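Written below as structure tokens is the structure these notes are about.
Any read-out appearing in this document is the output of simple, stated calculations on the displayed coordinates, not a laboratory observation. What you see is a predicted model; the values in this text were computed from it and never measured. Heads up, the Cβs are rebuilt from the backbone with ideal geometry, glycines too, and the neighbour counts pull from every protein chain shown.
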Amino acid sequence: MNDFEIKTVINPLTADREYIREVAEVKRALELWTMEPGFREAFLAAPEDTLAAHGLSVDALAVKILADHETAMKYQKTPPGELPSAVRRYRAFNQEKVADRARMVKEYCVPKHPAVRAWRSRQINRCWAELGARNRSLIHVPMTYELDLGCSVGCPFCGIMAPRLQKVCRYDEDAALWKGVLAFAKETLGDAAGQGTCYYATEPLDNPDYERFVDDYFEVFGVVPQLTTAVSMRKPERTRAYLDAALKNCRRVHRFSVLSLELLHKIHDIFTPEELICVELLPQFAEAPQNRFANAGRARQSGNLHVGEEDGNTIACISGFVVNMAERSVRLLTPCGASEAHPTGEIIVTKESFSDLDSFKSVLISMIDRYMQTEFPNDQPLFLRPAISFQKTEEGVEFFHSEKFRLKFRGEDDLSPALYQDVLDKLQTGGKTADDIAEELMEETDSFPAHVFFILKKFEKAGLFLEPYECEGR
Ligand code: SF4
């Protein structure tokens with residue numbers, strides 16, 4: 001039995017250098033496995049030599065267990081204590097990241113404003129129905145920021161179809177507005193307003209003042225926003241200095257998009273495995289063995305990119321506001337599967353402009369008032385989401401969407417299955433209000449209105465109804 005300690009790598013960083021080296025080298029070997037054509041074959045033929053050729057001395061069996069499905073299956077039932085230390089430590093490192101993401105969805109990204117909180121929660125539930133497992137990787141951040149209008153990189157696969165770079169926001173001109181926007185965002189949404197990023201349909205390092213904007217962000221929220229850059233090697237010294245400062249202030253995971261094999265080699269040449277332990281490398285070039293583009297945005301329009309097959313394609317991870325400082329605009333959006341109606345995998349609910357801090361405040365507040373409701377009023381016409389099917393079951397009713405989603409409501413809260421079914425019947429025509437349904441069922445079946453309202457609230461919270469603004473004109 002191997003007796004070794006499991007320590008944290010991200011937050012806090014263990015001081016054990018050998019531990020860090022081991023995890024960082026496994027990470028690098030896996031990057032080669034997923035991105036370097038021919039690495040897999042060479043490694044399987046001569047594991048130690050192939051790792052050594054890349055400057056790695058980590059246990060080859062550990063890499064094999066983590067990378068190769070067949071080997072992983074062989075060791076599936078091995079007691080954890082008998083696995084190589086690098087396997088257990090790398091898995092623990094991954095669990096740290098997964099746990100952090102789960103905390104973001106359930107805790108850090110939950111806005112303090114009740115209406116925004118309820119709307120976001122309904123969108124998350126809608127996404128479970130519409131996107132299935134894809135929703136697991138979406139944090140539904142309620143507020144994010146763009147410092148430029150457009151992006152200089154122009155990736156042919158860009159899932160959100162970022163336009164070409166047209167304008168950048170300069171710190172010397174807009175520092176006061178920026179600080180005011182952050183402060184008001186925090187006042188309105190709480191700390192959740194600081195869980196987003198300072199890029200979305202933009203490349204963060206396009207902005208020459210990115211670091212100065214982020215310093216203010218840290219001042220207001222006490223966190224450094226995650227950086228995802230496709231131009232990590234445009235000025236490697238800038239990237240290194242940024243990462244050094246960012247990780248010193250706040251340890252979290254950042255990401256480099258790897259757009260070519262040449263870029264992967266440059267990144268691996270310039271940064272040691274240990275330096276990149278908190279930086280995920282995203283394979284985004286056609287030759288990378290495990291590359292798949294989300295079938296959204298420009299990738300969807302392109303005939304020759306290797307895109308994912310399933311629907312539910314989106315890279316949007318925001319259910320809330322995108323504040324663009326260069327254009328002076330606010331967009332309210334939430335993810336959906338990319339389609340003709342929503343090619344970028346986003347439902348853009350609205351977009352409005354502001355000119356100064358006062359108008360930013362009124363735009364934000366008026367969007368919340370107009371589009372977000374803590375709960376639907378009883379005189380709101382109710383429409384079930386057309387993409388979701390439903391049926392009666394012995395125990396009550398269930399809603400489903402292809403094989404991805406099945407949500408059962410059972411008569412286990414002292415309400416009879418028949419009442420769930422009666423409520424569903426009343427909803428099928430669409431457009432009846434909660435008051436209408438309660439009154440009709442009281443007359444027809446002697447049901448208590450309070451019970452009917454209770455069931456309707458359950459359906460509403462599950463995101464099964466169109467939002468009031470989606471019902472307009474129906
Ligand atoms: S994927 Fe990112 S870097 Fe590439 S064009 Fe879109 S926003 Fe720019």
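Residues ILE437, ILE124, ILE348, ranked from the fewest to the most other C-beta atoms within 10 Å, line up as ILE348, ILE124, ILE437. Entry note, the stretch 109-371: relative contact order of 24 percent, from Cα contacts under 8 Å with a spacing of 6+ residues.
Couplings for the stretch 52-60, taken from phi via the Karplus curve 6.51 cos²θ - 1.76 cosθ + 1.60 with θ = phi - 60°, read 4, 5, 9, x, 10, 10, 5, 4, 5 Hz in order; Gly and Pro are left as x.
Listed by chain and number, the aspartates and glutamates placed with their C-alpha closer than 13 angstrom to that of LYS112 are GLU187, ASP191; residues fewer than eight positions away on the same chain are left out. Could you work out the relative contact order of the chain, using alpha carbon pairs under 8 angstrom and six or more residues apart, expressed as a whole percent? After rounding, I find 16 percent. Could you work out the Kirkwood radius for the chain, taking every pair of different alpha carbons, averaging 1/r and inverting it, reported in Å? Result for the chain stands at 24.7 Å.
Distances between placed amide hydrogens fall under 5 Å for PHE293 paired with HIS306, VAL307, GLY308, all partners being 5 or more residues away or on another chain. Comparing Cα centroids, the stretch 154-214 and the stretch 250-281 end up 22 angstrom apart.
If the limit is 21 Å between Cα atoms, which of LYS7/LYS97; LYS186/LYS361; LYS186/LYS248 go over it?
Working: LYS7/LYS97 13 Å; LYS186/LYS361 12 Å; LYS186/LYS248 23 Å.
Pairs exceeding the cut-off: LYS186/LYS248.
Going from the fewest other Cβ atoms within 10 Å to the most, the residues LEU165, LEU13 appear in the order LEU13, LEU165. Residues whose amide H lies under 5 Å from that of THR350, counting only those 5 or more places away or on a different chain, are LEU332; hydrogens are built 1.01 Å from N in the peptide plane.
If a/c stays under 1.5 just call it rounded; otherwise compare a/b with b/c (prolate if a/b is bigger, oblate if not). Do that for the stretch 109-371, with a ≥ b ≥ c from the square roots of the Cα gyration tensor eigenvalues. Taking the square roots of the gyration eigenvalues as a ≥ b ≥ c, the stretch 109-371 is oblate. The simple spin-label model puts a point 7 Å past each Cα toward its Cβ; for THR374 and MET73 those points are separated by 5.4 nm.
Straight-line cross-link partners of LYS64 among the lysines, defined as a Cα under 21 Å from its Cα and at least 8 positions apart when in the same chain: LYS27, LYS74, LYS77. Seen against the Cα atoms of the chain and their longest principal axis, helix 85-103 is set at about 30 degrees. Going by the alpha-carbon gyration tensor, a ≥ b ≥ c the square roots of its eigenvalues, is the stretch 17-95 rounded (a/c under 1.5) or, if a/c is not under 1.5, prolate (a/b greater than b/c) versus oblate? Cα axes put the stretch 17-95 in the oblate bin. Which angle between 0 and 90 degrees, to the nearest 10, do you get for helix 236-249 versus the longest principal axis of the chain when only C-alpha atoms count? Taking the Cα atoms of the chain, the angle to 236-249 is about 60 degrees. Of all DSSP beta bridges confined to the stretch 109-371, the antiparallel ones make up roughly 50%. For the stretch 115-214, the square roots a ≥ b ≥ c of the C-alpha gyration tensor eigenvalues yield an a/c of 1.5 or more together with a/b not exceeding b/c, which makes the shape oblate.
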